[in-house]
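Okay, structure first, notes after.
The values are calculated or read from the model by the stated rules, or taken from the named source; none is laboratory data. Keep in mind that what you see is a predicted model, and the values were worked out from it rather than measured. No Cβ is skipped: glycine too gets one built from the backbone with ideal geometry, and neighbour counts run over all protein chains shown.
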Amino acid sequence: MGDLLIRGGVVIDGTGAPGRRLDLRVRDGRIAEMAEDLAPAGERVIEAAGAVVAPGFIDSHTHYDAAIYWDPLCDPMPQHGVTTVVIGNCALGLAPLRPTERAAQLDVFSYIEDLPLELLGAAVPWTWESFDDYARALAERRLGVNLMVLASHSQIRTWVMGEAAWTRAATPQEAAAIAAELDRALAAGAFGLSISSFDKDRQGRAVPSSLADAAELDALCAVLARHGAVLQFVPCSDTTEMLLAELERLGALLGRHGVTGLYNILVHVNGDPTRSRRVEACLAALHAKGVRLYAMAAPRPFELSIGFEQTICFISVPAWNELVQADPQTKRRLVGDPDWRARARRDVDSCPSVMFPFDQPQLLRIREVAGAAQAEWGGRSFAELIAARGGHPSDVLADWVAENDFAATFIFPIANTDEAQVAALLKSPVAFVSGSDAGAHLQMFCAAGDATLLLTRFVRERGDLALEAAVHAVTGRQAELFGLADRGVLAPGKAADIAVFALDELTYGPELVVADLPGGGERLTRAPGGYRYTIVGGVVVQRDGAATGELPARFLAHAG
């Protein structure tokens, strides 16, 4: 197992260097030789003529934490050249977690990442409580893609403080205990810590991570520095000013301790076109001071499918969030309640909403309606609906969704629809290609395939990046930022995680609905991307779009 000879291809090694015509010999899952015209020595031979041989892609922002227990291949990641994913992002994870806290914490995970709550409870084996035990359990699993894990701040805070983690800052003793738990998680193999000051739970409460004060964050950064680990964070970004202030605040902490920070996410916002340039300028100023703070930049346009059944999209508008989280009977009662209507109007007027912009109704397009009586509204905008009905936008929406019995959906192209602006972000020296969210929001969008989109649209079609630069962006660049020593680059001694593809054969197809979740539930996926081979540790996990059934991948522990 793990012995191959890949010959006839152009090796793009993940460093950004020009491609070279070389053969690769793999022994015991690692690259043994790279040279011209290597002779077979009993290995399986893979012919790569006309193709690129590149390091397997690394997706550094995913939420496959739970999905690995019902889909160990993490479909369709291998079919898009991905061999390693990072989980534990956004201060959300599966450890440390006591049984008494599990239901509440899983509800938060389910709500924020749009994952079926019943699957999180039933499909995950829960043979651990501490992060150490979680890491050992991960090490026993056989997978189709390698896993890197971030420790999750909200989980650690709740582990230490219990319910108080949701209501207040930590005492000095609690902050020290939180830092000690992070130290244990990093020693067990976590690559860093993820924090969030953006997310809220189903009831509108800020997640525990957002309540950490400067002293707690300083203690955590000191621990990260000792381990050479990263800080991934989701800042409060309701307004550009709030976002810039938080980048400055966290940038000062990172600079003090020499920690690398990874900010989620830098996009071109259609409703605020100067935002991305202001964020870039802020990050560039921090870099000039020696602060290593990089923004995730995704190649994908962000189009949300917004329904009215327990979605996260109204998280910033309390009255509307209350309605979408309610059961059908309560929904019908609330829309007819004058008190709720008054609260909803006040919240719409006073609470900026990034994911459902009541103040920019022309951006919201009606996607689905319930029944022929509403069919005329399909494809039209919320602005047109307001003009036709008259009245406050909140009241118009409440009446309309009630008429559709809450079965209607909207499409909102929230960001990244201007390809020239996206290309500029992808090439920014203060950014790196990431932020896919693959594995989450299963009914809202399919986030898998970002590397394929990068290669097809921004390399092959638009010519914004050279092929070598794009490969480096999703391989060596990722490994360098995370301190992943033996992957991301093709060189003797490195792990044989490899993607074999011809650029003109790649396709970034539309989203597809499949009903393959346990119990027959539906999710969005994407067709295979046209990769000839995806190889993990010298073992082929997919060939020509079809999974081989092999599961050679594993939990990768940070060696910092």
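Working carefully through the options Val396, Val401, find the one that is assigned to a helix (DSSP H, G or I) and in contact with a Phe, Trp or Tyr (Cβ under 7 Å, 6 or more places away or on another chain). Steps first, answer last, please.
Details: Val396 fails: in contact with a Phe, Trp or Tyr (Cβ under 7 Å, 6 or more places away or on another chain).
Among Val396, Val401, only Val401 is assigned to a helix (DSSP H, G or I) and in contact with a Phe, Trp or Tyr (Cβ under 7 Å, 6 or more places away or on another chain).
Matching residues to (1) assigned to a loop (DSSP other than H, G, I, E, B); (2) modelled with pLDDT of 95 or more:
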site: Glu309; (1), (2): yes, no
site: Phe314; (1), (2): yes, no
site: Asn321; (1), (2): no, no
site: Leu334; (1), (2): no, yes
site: Arg341; (1), (2): no, yes
site: Val348; (1), (2): no, yes
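Among the residues of the range 363-386 satisfying the criterion of being aliphatic (A, V, I, L, M), assigned to a helix (DSSP H, G or I) and at pLDDT below 90, which is surrounded by the fewest Cβ atoms within 10 Å (Cβ to Cβ)?
So the first thing to find is which residues in the range 363-386 are aliphatic (A, V, I, L, M), and the list is 363-364, 366, 369-370, 372-373, 375, 383, 385-386.
Right, trim to assigned to a helix (DSSP H, G or I) and you get 363, 372-373, 375, 383, 385-386.
Restricting the remaining residues to those that are at pLDDT below 90 gives 363, 372-373, 375.
On the way: Leu363: 18, Ala372: 7, Ala373: 10, Ala375: 9.
Going through the qualifying residues, I end up with Ala372.
Name the pairs whose Cβ atoms lie under 6 Å apart, with the first residue in the range 158-173 and under 22 Å from Phe131 (Cβ atoms) and in a helix (DSSP H, G or I), the second at pLDDT 95 or above and among the acidic types (Asp, Glu), and 6 or more positions between them or separate chains?
If the second residue must be at pLDDT 95 or above and among the acidic types (Asp, Glu), the pairs left are Val160/Glu174; Met161/Glu174.
Among the residues of the range 413-436, what is the count of those that are polar (S, T, N, Q) and surrounded by fewer than 21 Cβ atoms within 10 Å (Cβ to Cβ)?
3
Inspect the range 532-539 for any residue being part of a loop (DSSP other than H, G, I, E, B) and either among the hydrophobic types (A, V, I, L, M, F, W, C) or in the same structural domain as Ala225 (by TED's automatic domain parsing) (or both) and give the result as yes or no. Explain how you work it out, then say what you get.
We begin by selecting, within the range 532-539, every residue part of a loop (DSSP other than H, G, I, E, B); these are 532, 537-538.
After this cut, where a residue has to be either among the hydrophobic types (A, V, I, L, M, F, W, C) or in the same structural domain as Ala225 (by TED's automatic domain parsing) (or both) as well, the list is none.
No, the range 532-539 has no match at all.
Quick check on my filter: what residues within the range 236-274 are outside any helix (DSSP H, G or I), farther than 25 Å from Ser316 by Cα and without any contact (Cβ under 8 Å) to a residue 40 or more places away in the chain?
Initial filter on the range 236-274 (outside any helix (DSSP H, G or I)): 236-239, 258-274.
Subset that is farther than 25 Å from Ser316 by Cα: 258-261.
Residues satisfying the conditions are Gly258, Val259, Gly261.
Can you tell me which residues in the range 387-412 are over 34 Å from the mean Cα position of the chain (by Cα) and either closer than 27 Å to Pro301 by Cβ or crowded, with 19+ Cβ neighbours inside 10 Å (or both)?
Passing the criteria: only Ala387.
Based on what the data block shows, is Ser209 under 29 Å from Ser316 (Cα atoms), crowded, with 22+ Cβ neighbours inside 10 Å and either assigned by TED's automatic domain parsing to the domain that holds Ala326 or not charged (D, E, K, R) (or both)? Please lay out each step first, then the result.
Numbers: under 29 Å from Ser316 (Cα atoms): yes; crowded, with 22+ Cβ neighbours inside 10 Å: yes; either assigned by TED's automatic domain parsing to the domain that holds Ala326 or not charged (D, E, K, R) (or both): yes.
Yes, satisfied.
Going by what's in this entry, would Ser152 be described as in contact with a Ser or Thr (Cβ under 7 Å, 6 or more places away or on another chain), within 29 Å of Leu484 (Cα to Cα) and at pLDDT 95 or above? I'd like the intermediate steps shown before the answer.
Details: in contact with a Ser or Thr (Cβ under 7 Å, 6 or more places away or on another chain): yes; within 29 Å of Leu484 (Cα to Cα): yes; at pLDDT 95 or above: yes.
So Ser152 fits the description; yes.
Can you find a residue that is farther than 30 Å from Pro510 by Cα, of a type in the set (A, V, I, L, M, F, W, C) and either under 18 Å from the mean Cα position of the chain (by Cα) or not in a strand (DSSP E or B) (or both) anywhere in the range 107-114?
No, the range 107-114 contains no residue that is farther than 30 Å from Pro510 by Cα, of a type in the set (A, V, I, L, M, F, W, C) and either under 18 Å from the mean Cα position of the chain (by Cα) or not in a strand (DSSP E or B) (or both).
Only one residue in Ile87, Ile58, Ile68, Ile31 is more than 26 Å from the chain's Cα centre (by Cα) and either among the aromatic types (Phe, Trp, Tyr) or buried (at least 19 other Cβ atoms within 10 Å of the Cβ) (or both), so which one is that?
On the way: Ile87 fails: more than 26 Å from the chain's Cα centre (by Cα); Ile58 fails: more than 26 Å from the chain's Cα centre (by Cα); Ile68 fails: more than 26 Å from the chain's Cα centre (by Cα).
Testing whether each residue is more than 26 Å from the chain's Cα centre (by Cα) and either among the aromatic types (Phe, Trp, Tyr) or buried (at least 19 other Cβ atoms within 10 Å of the Cβ) (or both) leaves just Ile31.
Name the residues in the range 264-283 that are of a type in the set (Val, Ile, Thr) and closer than 21 Å to Val433 by Cβ, would you? Please lay out each step first, then the result.
Of all residues in the range 264-283, those of a type in the set (Val, Ile, Thr) come to 265, 267, 269, 274, 279.
Within the range 264-283, Ile265, Val267, Val269, Val279 qualify.
Out of all the residues in the range 260-274, is one or more closer than 30 Å to Leu138 by Cα and of a type in the set (A, V, I, L, M, F, W, C)?
Start the filter on the range 260-274 by keeping residues that are closer than 30 Å to Leu138 by Cα, which leaves 260-265.
Within this subset, residues satisfying the condition of being of a type in the set (A, V, I, L, M, F, W, C) are 262, 265.
Yes, the conditions are met somewhere in the range 260-274.
Any chance you could count how many residues in the range 473-487 are part of a loop (DSSP other than H, G, I, E, B) and over 13 Å from His80 (Cα atoms)?
From the range 473-487, those part of a loop (DSSP other than H, G, I, E, B) are 474-475, 483-487; that's our starting set.
Then keep just the ones that are over 13 Å from His80 (Cα atoms); that gives 475, 483-487.
Looking only at that region, the number is 6.
Residue check: is Gly42 out of contact with any Leu (no Cβ under 7 Å at 6 or more places or on another chain), modelled with pLDDT under 95 and not aromatic (Phe, Trp, Tyr)?
Numbers: out of contact with any Leu (no Cβ under 7 Å at 6 or more places or on another chain): yes; modelled with pLDDT under 95: yes; not aromatic (Phe, Trp, Tyr): yes.
So Gly42 fits the description; yes.
Report yes if some residue within the range 450-462 is closer than 30 Å to Arg341 by Cβ and either at pLDDT 95 or above or in a strand (DSSP E or B) (or both); otherwise report no. Can you show your working first?
Step one: filter the range 450-462 for residues closer than 30 Å to Arg341 by Cβ, giving none.
No: zero hits.
Could you tell me which of the residues Arg300, Arg332 is surrounded by fewer than 18 Cβ atoms within 10 Å (Cβ to Cβ), in contact (Cβ under 8 Å) with a residue 24 or more places away in the chain and charged (D, E, K, R)?
Values: Arg300 fails: surrounded by fewer than 18 Cβ atoms within 10 Å (Cβ to Cβ).
The match here is Arg332.
Need the failing condition index for Thr127 against (1) assigned to a helix (DSSP H, G or I); (2) surrounded by fewer than 24 Cβ atoms within 10 Å (Cβ to Cβ), just the number.
Going through the list (1) assigned to a helix (DSSP H, G or I); (2) surrounded by fewer than 24 Cβ atoms within 10 Å (Cβ to Cβ), Thr127 breaks only (1).
With respect to Leu193, is the statement that it is crowded, with 20+ Cβ neighbours inside 10 Å and part of a helix (DSSP H, G or I) true?
Numbers: crowded, with 20+ Cβ neighbours inside 10 Å: yes; part of a helix (DSSP H, G or I): no.
Against the criterion (crowded, with 20+ Cβ neighbours inside 10 Å and part of a helix (DSSP H, G or I)), Leu193 does not qualify.
Would you check which residues across the range 488-526 are part of a loop (DSSP other than H, G, I, E, B) and touching a helix residue (DSSP H, G or I) at 6+ places or on another chain (Cβ under 8 Å) and list them?
First, pick out the residues of the range 488-526 that are part of a loop (DSSP other than H, G, I, E, B): 488-494, 496-497, 502, 506-510, 515-522.
Once the filter is applied, which keeps residues that are part of a loop (DSSP other than H, G, I, E, B) and touching a helix residue (DSSP H, G or I) at 6+ places or on another chain (Cβ under 8 Å), the range 488-526 yields Gly488, Val489, Leu506, Thr507, Tyr508, Leu517, Pro518, Gly519, Gly521.
Any chance you could count how many residues in the range 99-117 are touching a residue at least 40 places away in the same chain (Cβ under 8 Å) and closer than 13 Å to Thr311 by Cα? First the steps, then the outcome.
To start, the set of residues in the range 99-117 that are touching a residue at least 40 places away in the same chain (Cβ under 8 Å) comprises 101, 105, 107-109, 111-116.
From what is left, the residues that are closer than 13 Å to Thr311 by Cα are 107-109, 111-116.
Counting residues in the range 99-117 that are touching a residue at least 40 places away in the same chain (Cβ under 8 Å) and closer than 13 Å to Thr311 by Cα gives 9.
I need every pair where a residue in the range 513-525 that is outside the structural domain of Gly449 (by TED's automatic domain parsing) and touching a residue at least 40 places away in the same chain (Cβ under 8 Å) has its Cβ under 7 Å from the Cβ of a residue that is polar (S, T, N, Q) and surrounded by 12 or more Cβ atoms within 10 Å (Cβ to Cβ), sequence separation at least 6 or different chains.
Partner pairs satisfying both residue conditions: Glu522/Gln443; Arg523/Gln443; Leu524/Gln443.
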